[in-house]
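Notes to accompany the following structure.
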Amino acid sequence: MKKTFLLLTGLFFTVSTIQAQAALFALLFGDKVASEKFNVSLELGFNQPFYSNLDNNDRSKIGVNFGIGGNLKLSENWFLSPNIYFLAKRNIQLNNFSLASGNVNLDSQFVNVPTEVTLNYIDVPIFISYQTNNKKYRFGMGPQISFLQKSRAIFKRPEGDFTQNFDGYTEDIDYGLMADFAYVLGKAHKGKGIIIHLRYYHGLNDILTDKISSQNNSSNFVALHLTLPFITDELAEKNLKEN
């Protein structure tokens, strides 16, 4: 109970209101809606993004994902797992880019400067997963659609930075396919389990407008992800007794 309280406190201070509400829902009602066929979970991950056909791109920083998930057991080996990540942050590091604010004096100070673009999405992946008979491994794949909530660019120079809305340079929707390999720690967390995921996302559309590049700049990333399931105490005890 103490760990749950600390987790909830941390979530309220590190994510926005809607994200904290999602965490609160999972913590308060997760085990109450759980059964042998269905459970909800907290989802937390870190991603390293890459972009195709973007020569002006330096290696981008690691982004963060946070949300809730569902896990529906279709059979002994097959699962359907829809997720929604209210916080899905990715970024682009441009080696040189010029400010176009419309203010001639200001724009002249930020010509061909390093620029950091932050993209905040809501990600909705849906996985179909196969779990091995020993319940240790899962292999999954499915579509993901991402809705852009905000994009910001920070133009950097030694004398100081300038931040600008970047919506005119970024597309509102990103979609693609996600592959997932997971290791299931069934007895962890007092039998409630922890699932460790290694994921690869391959975007299928252009995330940038022609103002930056006329080529297709699809988004791709590798992610390390954790799933914290909420299940009943009875199911947790059953997991602890299994070999």
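Of note:
- Taking a straight Cα-Cα cut-off under 15 Å and skipping sequence neighbours fewer than 8 places away in the same chain, the aspartates and glutamates within cross-link reach of Lys150 are Glu116, Asp123, Asp167, Glu171, Asp172, Asp174.
- Unsatisfied cross-links (Cα-Cα over 22 Å) in the set Lys190/Lys238; Lys89/Lys190; Lys135/Lys192: Lys89/Lys190
- Rolling a 1.4 Å probe across all protein chains gives Met178 an accessible area of roughly 10 Å².
- For segment 74-182, with +1 on Lys and Arg beta carbons and -1 on Asp and Glu, the positive-most of Ala88, Pro158, Phe147 along the dipole: Ala88
- Fully extending the segment from Ala188 to Glu159 would add 5.4 nm, taking 0.36 nm per residue of separation and subtracting the current Cα-Cα distance.
- Cα principal axis extents for segment 35-109, largest first, Å: 64, 24, 16
- Kyte-Doolittle mean at least 0.5, axial Cα span of 15 Å or more - DSSP H helices of the chain: 2-14, 17-29
- Inter-label distance, Asp167 to Asp233: 5.0 nm, where each label sits 7 Å from its Cα along the C-beta direction.
- Separation between Cα centres of segment 127-191 and segment 63-124, rounded to whole Å: 8
- Spin-label pair Asn53/Leu177, simplified geometry with 7 Å Cα→Cβ offset, distance in nm: 1.9
The values are calculated or read from the model by the stated rules, or taken from the named source; none is laboratory data. All values reported here derive from a predicted model rather than from experimental measurement. Because the Cβ atoms are built from the backbone with ideal geometry, glycine has one as well, and the counts that use them run over all protein chains shown. These area figures cover heavy atoms from the full protein model, side chains too; ligands, DNA and RNA do not enter into them. Shrake-Rupley method; radii C 1.70, N 1.55, O 1.52, S 1.80 Å.
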